[in-house]
């Protein structure tokens, strides 16, 4: 197999493997404020509205984009 062909095969294999990943952030369709409320937290947006934080019980504060479904 020539080098360009091997690179193409490797690239296709990577795309297939990445496509099979279970990315919780991509799979969920719940906006962070709604996900925060569902977990019993309170949502607070920044002054600019571009970022937000969720205060989860018992007081842990996390960035909105880090809220991920738990798998227990």
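Looking only at segment 49-62, how many residues end up being modelled with pLDDT of 80 or more and more than 11 Å from residue 33 (Cα to Cα)?
7
Considering only segment 21-32, I want to know if a residue exists there that is modelled with pLDDT of 70 or more and closer than 22 Å to residue 58 by Cβ.
yes
Kindly provide the set of residues from segment 32-56 that are surrounded by fewer than 17 Cβ atoms within 10 Å (Cβ to Cβ) and not in a strand (DSSP E or B), ordered by number.
Of everything in segment 32-56, those that are surrounded by fewer than 17 Cβ atoms within 10 Å (Cβ to Cβ) and not in a strand (DSSP E or B) turn out to be 34, 37, 38, 39, 40, 46, 47, 48, 49, 50, 51.
The values are calculated or read from the model by the stated rules, or taken from the named source; none is laboratory data. No experiment lies behind these values; they were computed from the predicted model shown. Note that we place each Cβ from the backbone using ideal geometry, even for glycine, and neighbour counts take in every protein chain shown.
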